[in-house]
Structures are given as C-alpha cells and as structure tokens.
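K.L.:
Dropping a structure here in structure tokens format, bear with me for questions.
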Amino acid sequence: MDLLPRSPGDFGSSRYWDRFFRQRGQRPFEWYGAFPELCPVLHKYVRPRDKVLVVGCGNSELSEQMYDMGMCEDIVNIDISDAVIRQMQERSGSKRPKMSYLLMDMLQMDFPDAHFQVVLDKGTLDAILTDEEEATLAKVDKMFAEISRVLQVGGRYLCVSLAQAHVLKKAVEYFSQEGWVVRVHQMAGSGDKQQFVLPVFVYVMTKFRKIPGSAPQILEICPEEQDKPMRVESAERLVAAVKDRQHYALLCSQLSKTPCGEQLSLDLCDKDSGRPRYTLHVVDSPSVKPSRDNRFAIFIIPQGRETEWLFGTEEGRRQLAASAGFGRLVTVALHREQHYEGMAGIQAELSGKVMELAPPGLPARQQVPFLSVGGDIGVRTVQHCDTSPLSGEYVVEDVKGDGTSYFRRLIFLSNRNVVQSEARLLAPVPLTGQKKRRKDKKKASPAEPPTAIDKSYLCCEHHKAMVAGLCLLGGPNPLPGDEAVLVVGLGGGSLPLFIHDYFSQARVAVVEIDPSMLEVATRWFGFSQGDRMRVHISDGLDYVAQLAAEVFALPPAAPAQYDAIMFDVDSKDLTVGMSCPPPAFVEKPFLQKVKTILRPEGLFVLNLVCRDVRLKESVLATLREVFPLLYARRIEGEVNEILFCQPSPERRRDPAELGARARALEGDLRQPGRPWDSSYALADMLQAVKIL
C-alpha cells in the first residue's frame, strides 16, 4: 500500500489526505512522537481554561490525550480531509463532549478574530512548506496570517516540527517581524521508540501587539537538557543553533549503530555563556576484543595537559585507547575559561551526555568508568591574560605535569592547542634556621610569580635539538667561545636564555616583532637583558634585510656578523599549511640575505612546522639551493623538524663525527655547580639526523 504522495504539493490536497486516511484505517498516525514526549512543553504553554485550536489534526491521539489527562478540554480540531474528520468524530463521540472536529481549511477559517488562546500545529507547517517556490510561500503566508488573526494577544502558536532550515527560517522571520516572541524547544529523545533520527522541535510563538518602528526581536532557544532559555541575536544564529543540535543527533545515531573509522570530535558548550566547556574525541579501537566490561569508557584529560602528544594528537589518542583496553574511549578536554568542581562534579555533569555516544550493543544500564591520570582533573592556574595587537589574545598559565612538576606556559588563544612557550617552575625551597613568619606580615606582591623559573631546563624537544646542532660550529673541537648568535622569535625566552647562560661568552641578539612578548618573557618567564643579551623590537624580515645591506656596504674582506642564526618564529596565518616560520622567511631572496650575514663556517638553524607535504618539499628545495649542506632532525611525536643549514659543503660530517662533537660539546657545557638535566643527551639528539 503506497501512502506517499506523488509530489510535495499533494501534502496540501484534501483528496490525497482522504485517500491516505481511508487506506490507513483506524490506526493513529503520529507525525513526530507521541504525547509523552510533547507533554513537558505543552504543560508550559497550555492552561486548563485555554481555548485551543489544532490545525491539520489528522487522526493523531494528541488532542484526545490532552483532554483525558486534564490538560484542557475546550479543543477544536480542524482538517481538510472529510474522511479523517468523520473518523475522529466517531472515535471521540460522546466520550469528550467539550472537544469538536470540524472540516475546515486553515488557510480560510470561519472563526472570529482573537477566538483562541492556543493554536497547536503538529507537522502541518512541515507538510505545507515542502519547498521555497513562490506559490508555496504565499500559501504559508496565508496560513500564518490566519493563525495570527484567530489568536488573542498573549496567545501562543505551538508548532511541532523537524525544523528544516527553510521551515524554521520562514517561521522565525515572519513572526519576529510581527513583533512576536519566538522560542524554540528541543524535545527529549524517546529512546528506542524514537521514530526519527533527527530531533523534534517545538516553536513557541507568543503574540504581542506590534510596536511601530524597529522594536528589538526576542529570539530564544531551549535545549532539551535545560529549562532556562538562551537568547540569540538573530534568526540566522537561531537556525544555526538548531542545525548544531541536528548534527549532534545524527552523530549520536551513527555512533550507536556502527564503529567510527575516523576519530570524531565535538564541543559541549556552557549553557550560560555559550562558550565551549568540554571538547570530546571519540576513539574506537578495533583491535580490542569486546567483553561486558571493556566496551566503553570516558577519559578526563587533566587540565593543562591537552596539548601533550598522547592527548592532543590522533595517533596519541589511538594509543591511549588501545593501552586503556576499551573498544570505545571518549577523551574529554577541559577548557581554561571554565570552572570545574572536581572529578565527581564532571562525572555528574557528563554522565547523561556521554551515554549518547555509547557504542552499539552497550546494555542500557551498563556502568561506564571515568578514567584519568592519577585520578584527578589536574591543576591549571591562569596567571595573566591580555591582548596584543600583533599576537591577539594570549594567556600565561601554570599547569601540573607528571608527578610533582609544574610548568608555566604561554598560549595564543588563536591557536589554543599549541604551547607557544614553556618553562619548568622551581619548587620553593623552605628556609631553615629562621622563625616562622607571623600571619599578619605583609604578603608578597600579586605581580610576582608564585615560584621561580628553572632557567636551566629546556621544556621543548625542538629547543634541545637546536642547541645540540651548535656542535656543528667551530673547528676540530666544538668548544663554545665568543660566538655571535642571532635568534629570531623570543616567545618566553627560554632558548636565548639557555644559550646565554650555558655558552658563557656567547653574544646573543634576539629579534621579536611583538613588544608584548618581551614584557611577557621578562615578567613571567625570568628573561632579562644584559651586556651579552639584547632584544631588538623589529620584524625579523626587516632586521635581517638591514644587516645584509650593511654587510654589502663593507669591504669584501670584512667578516659577516653571526656564527649562528636561529629561526623559531610562528606564523599568524593559520590558513597556510606551515605554522612555523611564516612563508616569507623561507623564500629564496630572504634566505640569501640570511646567508650573507652568516659566516662561512657558520650555522643556520630553522624550526620547520609544515603539514603540507608539497609546501614542505618546496621549502627544502629552496633551502638546498641556498645552503649546499643541509641536515634534518625530526622531533618524535611532533610535526616539528629542525633543519641545520651550512654555507659550505666541505664541512659535511658523518653521523659518528656528529655524535663525537655533540658529546664533546655536552662535556664542556656540564660544568660543576651548573644544573644539567638528563634529557640533554646532545649526542642522542643528533643520532636521528639525516643529511638531505
């Protein structure tokens, strides 16, 4: 039996609906869910004494259930199908004396003006507004005009809909322009009985007298998990908010049926601010043999550790899921702008939502474990936040790492998943032989950092590799002398600080385009200038070009200025597949200027972060054109690749010699009384170096 119309226009035909209901018989046809799902919203907007009009009633049981449950009794149902009206009159009969069924076209109703307090529409608007043809839109305008006419001021038009974008947009624009308050409710799903994958919405349009002039629109959305409506500023934003919820429903439906081949991510937002509160990644592990207890788990990433390889990359999360031994693992990252009430609070907040992401076959009442590192949610303390005209919004925050270690980080919020600079914090050393301070003593200034910066420690693996590469300098013995080093890109200053402190005679010049970063490095990362360390606030491109011009002006025999030049500068353009350095820094004319200010036996070190394979190949080809000798060191678990470039091919060294020079350099830097971390194995750093 074919009940589908031949064309969308048939949805507005009385002949089609007569045939539909005759063929369907007495079985009720519920377009979008039944009374139990709609009841919570109907109770808010339908009062017992209201006079209610149901347009396009069909043979739905909704009116009967509203009547029988005592929600209201004065209900008038209309439809254009004579067959269904006679069927419903027979079905209700004398059982519901105050409710009536009338054959009537809602585009031309016989009721007087302002006759009803509520107009209820369950799927009728969706059935009529099947396209955006001129004739269809004209019909919908007539429908809306008639509904507006028969409603009293203060009355409500309740429209149950799947909220296709063109349907919602039309309804919102029409009634908001008439000065009505528009609110959209999302219905709670009805579990396995849910008829539609897409969620059902109820538009609640409340009639107000139209105020002459441009009165502000009141548009709101009420997600299913909360009663408090959220205000949105435009019809476009309201449609977008509904679309987000539809996409989420489709995602949950997909995840409940099949394992996901690729990792899926989504943000759960704070209901008050609308800002992201949790970022979830769904990771399936096909290699894990499923059992009752290992199908599904939630992993809370400790605050501040979301950028680590294990938690911040696809491969890391895949490894985490496999090692945890669960078929599906949902990792949860916490956002720095949000406050969390410990692990128990997060578990209570997320329990219902994450179950919507459960794998197929998970028993309904299966307990799902919440996992973390060390059983807590970590520590994150924002020490400073500001906005730079060049770098945008940024934060300086202290986070807890493994064990008892704490780290200070600089994060640019335009790329919040990347740690721009990092330094280890020294644990405070308790004073001995002194009396305990009285509580009323003056407290330390809040501007002072709570603990000191460990200037001897390089947190970033690429910085360690860049330092190790300095063993390529010098003659037979790579001993540090009075090298002149140029570093482009300051950040927190840890790289130039380390070179300054450990190469005790080196003269370090730093170029930084953003004066705010010099202030951040000085105030929050222990950076300072002196006789052997100077910072120049300038664009690195301009600074190098000016130095190159000065070299060209010197006599031919005059030496170039620098023994080593290091580029560790990020790109602000996130649309390019290379985040470090900006493309202009690796163009051939500029690289030739770099070569000009570098001594013949010198070293150019470049931190390259490039995900675009073709662009990377192009950069390497350009580097080889300018620098005949090129070494590369890939940083494990990261995109970074450190390139060591030298002007003279005669200085080529094999891996064994590189290792020997690195050990010699390390021996010289490890002076008695000077801190040295075991991770500074310079020879190991250069083991994986390749000659390109």
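K.L.:
What strands (runs of 3 or more DSSP E) lie completely within segment 418-517 and have 2 or more residues being modelled with pLDDT of 70 or more and touching a helix residue (DSSP H, G or I) at 6+ places or on another chain (Cβ under 6 Å)?
P.N.:
Of the strands (runs of 3 or more DSSP E) lying wholly inside segment 418-517, those with at least 2 residues that are modelled with pLDDT of 70 or more and touching a helix residue (DSSP H, G or I) at 6+ places or on another chain (Cβ under 6 Å) span 484-488, 507-512.
K.L.:
Another question, then. Among the residues of segment 285-340, which ones are closer than 20 Å to P363 by Cα, modelled with pLDDT of 85 or more and β-branched (V, I, T)?
P.N.:
Hits for segment 285-340 are I298, V330.
K.L.:
Test of understanding: among A165, A138, which residue is out of contact with any Phe, Trp or Tyr (no Cβ under 8 Å at 6 or more places or on another chain), open to solvent by 40 Å² or more (accessible area, probe 1.4 Å) and more than 24 Å from F111 (Cα to Cα)?
P.N.:
Details: A138 fails: more than 24 Å from F111 (Cα to Cα).
On inspection, the qualifying residue turns out to be A165.
K.L.:
Could you check segment 364-380 and list, in sequence order, the residues that are touching a residue at least 24 places away in the same chain (Cβ under 8 Å) and not hydrophobic (A, V, I, L, M, F, W, C)?
P.N.:
Taking segment 364-380 and keeping what is touching a residue at least 24 places away in the same chain (Cβ under 8 Å), we get 366, 368-380.
Listed by number, the residues that qualify are Q366, P369, S372, G374, G375, D376, G378, R380.
K.L.:
Just to be sure before I move on: is R277 assigned by the TED database to the domain that holds V182 and either at pLDDT 85 or above or touching a helix residue (DSSP H, G or I) at 6+ places or on another chain (Cβ under 6 Å) (or both) in the structure I sent? Step through it out loud before you land on a result.
P.N.:
Values: assigned by the TED database to the domain that holds V182: no; either at pLDDT 85 or above or touching a helix residue (DSSP H, G or I) at 6+ places or on another chain (Cβ under 6 Å) (or both): yes.
Here the answer is no, as R277 does not meet what is asked.
K.L.:
Identify the single condition in (1) over 15 Å from D284 (Cα atoms); (2) open to solvent by less than 20 Å² (accessible area, probe 1.4 Å) that V354 does not satisfy, given that it satisfies every other one.
P.N.:
Only one criterion is unmet by V354, namely (1).
K.L.:
How do the pairs read when you match residues in segment 78-105 that are over 20 Å from T124 (Cβ atoms) with residues anywhere that are open to solvent by less than 40 Å² (accessible area, probe 1.4 Å) and not β-branched (V, I, T), using Cβ under 6 Å and keeping only pairs 6 or more apart or on different chains?
P.N.:
Once the first residue is over 20 Å from T124 (Cβ atoms) and sits in segment 78-105, its partners that are open to solvent by less than 40 Å² (accessible area, probe 1.4 Å) and not β-branched (V, I, T) give R96/Y67.
K.L.:
Applying the selection to segment 349-362, what residues are of a type outside the set (A, V, I, L, M, F, W, C) and in contact (Cβ under 8 Å) with a residue 60 or more places away in the chain? Spell out how you get there, then give the answer.
P.N.:
Of all residues in segment 349-362, those of a type outside the set (A, V, I, L, M, F, W, C) come to 349, 351-353, 356, 359-361.
Within segment 349-362, G352, K353, E356, P359, P360, G361 qualify.
K.L.:
Can you spot a residue in segment 115-124 that is surrounded by fewer than 18 Cβ atoms within 10 Å (Cβ to Cβ) and modelled with pLDDT of 95 or more?
P.N.:
Checking segment 115-124: at least one residue is surrounded by fewer than 18 Cβ atoms within 10 Å (Cβ to Cβ) and modelled with pLDDT of 95 or more.
The values are calculated or read from the model by the stated rules, or taken from the named source; none is laboratory data. None of the values given here were measured: they were computed from a predicted structure. Glycine also receives a Cβ, built like all others from the backbone with ideal geometry; neighbour counts cover every protein chain displayed. Quick note on the areas: whole protein, heavy atoms, side chains included, nothing else; ligands and nucleic acids left out. Shrake-Rupley method; radii C 1.70, N 1.55, O 1.52, S 1.80 Å.
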